[in-house]
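Participant: The structure is given below, and queries will be raised subsequently.
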Amino acid sequence: MYRTTTALVALTLGIAFAGVAAADPVEDTLVIEAEDGMVEIVTTAPAPDHLKDVMDTIYSGWHYREDETRDLERDDFDNPGMVYVDRGLDLWNSPIGAGGESCAGCHEGPESLAGLRAVTPRVDAKTGALMTIENYIDACVTERMGQESWGWTSSQMKDMLALISMQSRGMAVNVAIDGAAAPFWEKGKEIYYTRFGQLEMSCANCHEDNQGRFIRADHLSQGQINGFPVYRLKDAGILSAQQRFVGCVRDTRAETFKPNSEEFKALELYVASRGNGLSVEGVSVRH
């Protein structure tokens, strides 16, 4: 019974992919009206060298969304994700430590972290650990402020993630995949191409083999994460890249890894590297 059901579902998905014509990413350019001026965002770039055998050009997921959704990102006043950035700034300046410490007390303004989002995940030179922005935030909260961990999906964590990511908006994604990062990158690549769940699907099945096609009403993108964290209209809230990984794995009807697991950190590094050359979008908008 299990094999029959799995085969029928797989056959149904196969027919859906084969029977629907591909829809190219829309031709458009993204310039964001911000409080301090206009910010040009690179949403199309030549594929990084390690992807040359599978694609020539990489596209931000912004190119696969409807006109109305894309327009929300053109103006910070209209972008609902900016609410979370503002909340992050309030948190940054608040005396949240056990001894009244604040983020501003050590780092001054959040702009001091400009560029961090563009190069993470990265390997910490002292510990050899693969670090995401959430890992850096967690280390400050627990080790320097003497507080309990915020966890990876709390409102505080995502507010701070949004604020820090905004400091790198417009900068090119440039995560390292060689040297100390190489084994993590290889692990992430293996996960990306591994089939999971009852549907026996990998990340590559949707975002590489069938990017540009429609699955039900969803226009499949390349799965780039340069726009994360994103405000997702469907969820009426902000999501991190690893939260979206959870949703994708569950869609294959598989037991998912957890945010901050070694598997998802490696996967985040690999997927981020597929977008090397695109701009960090800060807090983007998707449906």
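Participant: Per-residue ellipticity at 222 nm for the chain, helices alone: DSSP H runs ≥ 4 residues times -39500 (n - 2.57), over residue total, nearest 500 deg cm²/dmol?
Facilitator: Result for the chain, helices only: -10500 deg cm²/dmol.
Participant: Same structure again: Between helix 182-192 and the chain, what is the angle of the helix's C-alpha long axis to the longest principal axis, kept within 0 to 90° and rounded to the nearest 10?
Facilitator: That helix lies at roughly 40 degrees to the long axis.
Participant: Calculate the dipole size of the chain relative to its Cα centre from +1 charges on Lys and Arg beta carbons and -1 charges on Asp and Glu beta carbons; express the result in debye to the nearest 20.
Facilitator: In debye, rounded to 20, the chain gives about 1120.
Participant: While we're on this one: How far is helix 241-251 tilted off the main Cα axis of the chain, in degrees rounded to 10, range 0 to 90?
Facilitator: With rounding to tens, the tilt is 30 degrees.
Participant: Hey, what's the Cα Rg ratio for the chain versus the globular rule of thumb, 2.2 N^0.38 Å?
Facilitator: 1.01
Participant: Expressed in whole Å with the largest first, what are the equivalent ellipsoid semi-axes of the stretch 150-228 derived from the C-alpha gyration tensor as the square root of 5 times each eigenvalue?
Facilitator: Ellipsoid semi-axes (Å, largest first): 26, 19, 15.
Participant: Could you give the length gained on full extension between Glu108 and Thr29, defined as 0.36 nm per residue of separation minus the Cα-Cα distance, in nm?
Facilitator: This chain segment gains 25.1 nm when fully extended.
Participant: Total Lys pairs in the chain closer than 26 Å by alpha-carbon, pairs eight or more apart in sequence or interchain only?
Facilitator: Close lysine pairs under the 26 Å cut-off: 19.
Participant: If exposed trypsin sites (Lys or Arg not before Pro) are those in a DSSP loop with at most 12 other Cβ within 10 Å, what is the longest stretch of the chain that has none?
Facilitator: The longest uninterrupted stretch comes out as 127-215.
Participant: Starting from the Cα-Cα distance between Thr57 and Gln198, subtract it from 0.36 nm times their residue separation and give me the gain in nm to one decimal.
Facilitator: This chain segment gains 47.6 nm when fully extended.
Participant: Turning to a different aspect of this structure: Please report the carbon-and-sulfur percent of the accessible area for the stretch 102-233; probe 1.4 Å, protein heavy atoms only, DNA, RNA and ligands left out.
Facilitator: Ligands and nucleic acids excluded, carbon and sulfur give 50 percent.
Participant: Thinking of the stretch 168-287 as a set of Cα atoms, what percent of all their pairs are more than 19 Å apart?
Facilitator: Cα-Cα pairs of the stretch 168-287 separated by over 19 Å account for 48 percent.
Participant: Please report, as a whole percent, how much of the solvent-accessible surface of the stretch 32-90 comes from carbon and sulfur atoms (probe radius 1.4 Å).
Facilitator: Here carbon and sulfur together make up 48 percent of the probe-accessible area.
Participant: May I ask you to give the solvent-accessible area per residue for the stretch 78-237, in square angstrom, as obtained with a 1.4 angstrom probe?
Facilitator: Per residue, the stretch 78-237 has 47 Å² of solvent-accessible surface.
Participant: Let me ask something else about it. Let me check I've understood the local charge: for Thr132, count other residues with C-beta under 12 angstrom from its C-beta, Lys and Arg +1, Asp and Glu -1. What total comes out?
Facilitator: Taking every other residue near Thr132 into account, the sum is -2.
Participant: Can you tell me the accessible area per residue over the stretch 22-66, all protein chains present, probe 1.4 angstrom, in square angstrom?
Facilitator: Numbers: 2580 Å² over 45 residues.
With all protein chains present, the stretch 22-66 gives 57 Å² per residue.
Participant: To test your reading of the geometry: what angle, between 0 and 90 degrees and rounded to tens, separates the Cα axis of helix 155-166 from the longest principal axis of the chain?
Facilitator: In the chain, helix 155-166 runs at an angle near 90 degrees to the longest axis.
The values are calculated or read from the model by the stated rules, or taken from the named source; none is laboratory data. This one's a predicted model, so the numbers in the text were calculated from it and none came from an experiment. Methodologically, a virtual Cβ is constructed for each residue, glycine included, from the backbone with ideal geometry; neighbour enumeration extends over all protein chains shown. Each accessible area value is taken on the protein alone, full model and side chains, heavy atoms only, with ligands, DNA and RNA left out. Shrake-Rupley method; radii C 1.70, N 1.55, O 1.52, S 1.80 Å.
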